[in-house]
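What follows is calculated from the coordinates using simple rules that are stated; it is not laboratory data. What you see is a predicted model, and the numbers here were worked out from it, not measured in a lab. Here the Cβ is made from the backbone with ideal geometry for all residues, glycine too, and neighbour counts use every protein chain on show.
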Amino acid sequence: FELRDHPLLDGLNEPQRAAVTHAGAPLLVVAGAGSGKTRVLTRRIAWLINERKAHPGSILAITFTNKAAAEMKERVEDLVGKRARIMWVSTFHSACVRILRKEIDRVGFKSNFSIYDAADSKRLMTLVLRDLELDPKRYQPNAVLNWVSDQKNELRDAEDAAKEARNSFEEAYAKAFASYQRRLREANALDFDDLIMTTVHLLQAFPDVRENYRRRFRHVLVDEYQDTNHAQYSLIQQLCGASFEEGHQEAVEPSELMVVGDADQSIYAFRGADIRNILDFEQDFPDATTILLEQNYRSTQTILSAANSVIGNNRGRKPKRLWTDAGEGERIVGYVSDDEHDEARFVSEEIDKLTDDAGVRPADVAVFYRTNAQSRVFEEVFIRTGQPYKVVGGVRFYERREVRDALAYLRMLVNTADEISLRRVLNTPKRGIGERAEACIAALADRDRITFWEALTRAADAPGLATRSLKNIEAFVAMVQELQSMVEADERPDVILESVLERSGYLAELEASDDPQDGTRVENLAELVAVAREFAEDPQPGPSVDPAEVEAGTVAVGLGDFLERVALVADADQIPDAPDGDDSGVVTLMTLHTAKGLEFPVVFLTGLEDGVFPHQRSLGDQPELEEERRLAYVGLTRAQQRLYVSRALVRSAWGAPSHNPASRFLDELPVDLVDWRRTASEQTRWGRQDLSGGSTRLAIPTDAGRRNFSSAALRADAAAKAKPARDIPSLDPGDRVVHDSFGMGTVVAVEGVAEKSVASIDFGSEGVKRLLLRYAPVEKL
Ligand code: ATP
Ligand code: MG
């Protein structure tokens, strides 16, 4: 038949059509940014359903975020109608949860398992390290967790890790790993990496389960394939039953596989993403077909040339011929600001000009930066000028203390084995069950080999428990049991949540407080109730619910389902939709990592300074620097029509101003493409001191060297500037804070008072910092 006239092939070029209509062997589409990979994947799904008569339920498509999944689904629905609703379009994690909810009893978990996020995992690991009596200075929970995560991404369990340990350090890590897994199992909980690993293990171990899913998913499609890690790769293999499994006789024919990706956009190596998955595709699937797309439909030639020039500095990559017929377009605008506030002001004024004179809507504009903490200055300016904005990622709603507390209540109601959640709420709000009482209960649980919850219900047996504590515990148990009966009666999640907040006294405590932050907390809880209500009323359930059940009207929208939806919200899913559905006046702020796959007519790429972007950690390390460069490539290629690049001469960091040299990525832009509105030398001419030496970059090879540089050169400056002018934040252990440079953190300890108070704050991957609060740019959340 005549392909050319088919409406599903409208607006596609030849290689795109070939990819959409390809049948049979595994298909790899590799292509640079904006060449239509995602568009092709979406059209192919529609093609499979309409032309190849594939049952929508036989399609599994993997996207990078739940939001991208929802968009893709909507597109396909537009193309082929409502029956598309029953296909599985989801992230790896959501797909695994769906499978696990049905099958996990095979590996000894209950189907109501909890999903632990980073904060839960950290709490659990802290307990594990304490139990193992490992020196907390040498063995930090986050460091151990990162290592554990690497192991899981490579599908190594604790036993493998123990066998392969090369030194006493790794032996200790492996021990912690084993103990951590044991406690997760006791809590009937899985962490994020477990979701993938457990699914792979399950499919490997149970041929009938594997066959069942292979029979179901005849078509598997993966977007952003360059960012899959080994575990995800194995999952695809298990689900497709690809032909490379030599000598292995499977009852089901391999499914059709299509993956699309761009090695130059691989930016998740730190999460174990393995670029080889894309480079080796043809080796792994010997009968594979590869299609290249070379026309870019997103950006002007200027933007494309800039991006190509930057990425060209990475070694060992396959050069690409990416072209566009969109024309030269506007030149790139460069700006060197005095400091980060000046940079934010420039961005804000430029947006005003564009919306006034160039027909740009605020929604067309995105501001990118390297780390979450950088959003704050932009937010300040936008608040001041009244420019509506939204921050993607950042201080995440679901990370706020009160939201986490409320969710912990709900989680332990659904799964009383979930000790982390249970202990979190045991004395929150304070109800006279102190640490000693908690320890007595833990001891009882240990002695009698029962769960913490069971021990609570038998608190009278706990040796050494004070009578008063016992009374309080009994009251707590009674309250929990009462709330549990609501869960058993299938009450709506929002109704249960409201009862929790009331019966626990949590809300009353916040309402009685005169701390203004507690007012905000009440609002956030109201928001959470609203989310739960919407969930209860929305016929479209969460990302991990099988759409076939929705169709059949058998879907449960109970508390467990609600918790699952919340647990699976990824960073990039934080884009809140405007209440009236009209976003056209809202500017988007986000980190470069969350910008993947998106496009905007106008892009501001900010903070282009060596030490900021590329990130300081990468400066002395070639592979990491190349990953930063790919991140720059991702950022640059988001822009459709206009691109701005900016940097600040001075940026506050470590509580003192830091003078950052220009990012090397700026030097990698072709000179003739950038129109510098204001340059470093101009500022010198205006009498400002430019310590970065204009365009000559200072070579600062190491972290330490860099710090010395900033502290030595700036000590006088810092002393003069850092007046204790502002209020010293009053902090307590457990408080969440945000720091200008380190981002979000949790207070571990506070010493000293008033002007002398020093807080130790855990900034996650940035480590634990001791900060003099008088000077440190930290703010309590
Ligand atoms: P990325 O690498 O950033 O994920 P991509 O390769 O997935 O990019 P798409 O997002 O699918 O690219 O497409 C980029 C833009 O080009 C989109 O706006 C898309 O609608 C448009 N586009 C893709 N193919 C064509 C085409 N043949 N004709 C016109 N526009 C197209
Ligand atoms: Mg894409």
Reduced to Cα centres, the span from the range 629-677 to the range 126-182 in Å works out to 38
What is the extension gain from VAL252 to ASP446, computed as 0.36 nm multiplied by their sequence separation minus the C-alpha to C-alpha distance, in nm to one decimal?
65.1 nm
At what distance in angstrom do the alpha carbon centres of the range 432-447 and the range 465-542 lie from each other?
23
According to the square roots a ≥ b ≥ c of the eigenvalues of the Cα gyration tensor, what is the shape class of the range 114-187, taking rounded for a/c under 1.5, prolate for a/b larger than b/c otherwise, and oblate for the remainder?
oblate
Based on the Cβ-Cβ distance of ARG436 and GLU599, what FRET efficiency does E = 1/(1 + (r/R0)^6) give at R0 = 56 Å, to the nearest 0.05?
0.45
Tell me, Kirkwood radius of the chain from alpha-carbon pair distances, in Å?
28.3
Dipole in debye (nearest 20) - the chain, about Cα centre, beta carbon charges: Lys, Arg +1; Asp, Glu -1
1280
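Which pairs in the list LYS353/LYS390; LYS102/LYS430; LYS122/LYS769; LYS390/LYS780; LYS73/LYS596 are over 29 Å apart, alpha-carbon to alpha-carbon? Don't skip to the end; give the middle numbers.
Working: LYS353/LYS390 20 Å; LYS102/LYS430 38 Å; LYS122/LYS769 17 Å; LYS390/LYS780 21 Å; LYS73/LYS596 18 Å.
LYS102/LYS430, as the Cα separations exceed 29 Å there.
For GLU482 and ARG138, what does the FRET efficiency come to when R0 = 56 Å and r is the distance between their Cβ atoms, rounded to the nearest 0.05? Write down the numbers at each step before the final one.
Values: r = 45 Å, r/R0 = 0.81.
So, using R0 = 56 Å, E works out to roughly 0.80.
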Show me, for the range 10-19, the HN-Hα J-couplings you get by feeding each phi into the Karplus relation (A = 6.51, B = -1.76, C = 1.60, θ = phi - 60°), rounded to Hz, glycine and proline as x.
4, x, 10, 8, 4, x, 5, 4, 4, 5
Please report the antiparallel percentage of DSSP beta bridges with both residues in the chain, rounded to the nearest 5.
30
Give the relative contact order (percent, whole number) for the chain; include only Cα pairs under 8 Å separated by 6+ residues.
15
For the range 128-141, take each phi angle, set θ = phi - 60°, evaluate the Karplus expression 6.51 cos²θ - 1.76 cosθ + 1.60, and give the result in whole Hz per residue in order, putting x for glycine and proline.
4, 5, 5, 4, 7, 6, 8, 4, x, 6, 8, 10, 8, x
What's the extension gain from LYS471 to VAL495 if we count 0.36 nm per residue and subtract their Cα-Cα distance?
5.9 nm
Sorted by chain and number, the residues with a modelled amide H under 5 Å from that of MET258, at a separation of 5 or more or across chains, are LEU27, VAL220, LEU221, VAL222
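Helix-only mean residue ellipticity at 222 nm, the chain, DSSP H runs n ≥ 4 weighted -39,500 (n - 2.57), per residue, nearest 500. What is it?
Working: 30 runs with 348 residues, N = 781.
Estimated from H runs of four or more residues: -13500 deg cm²/dmol.
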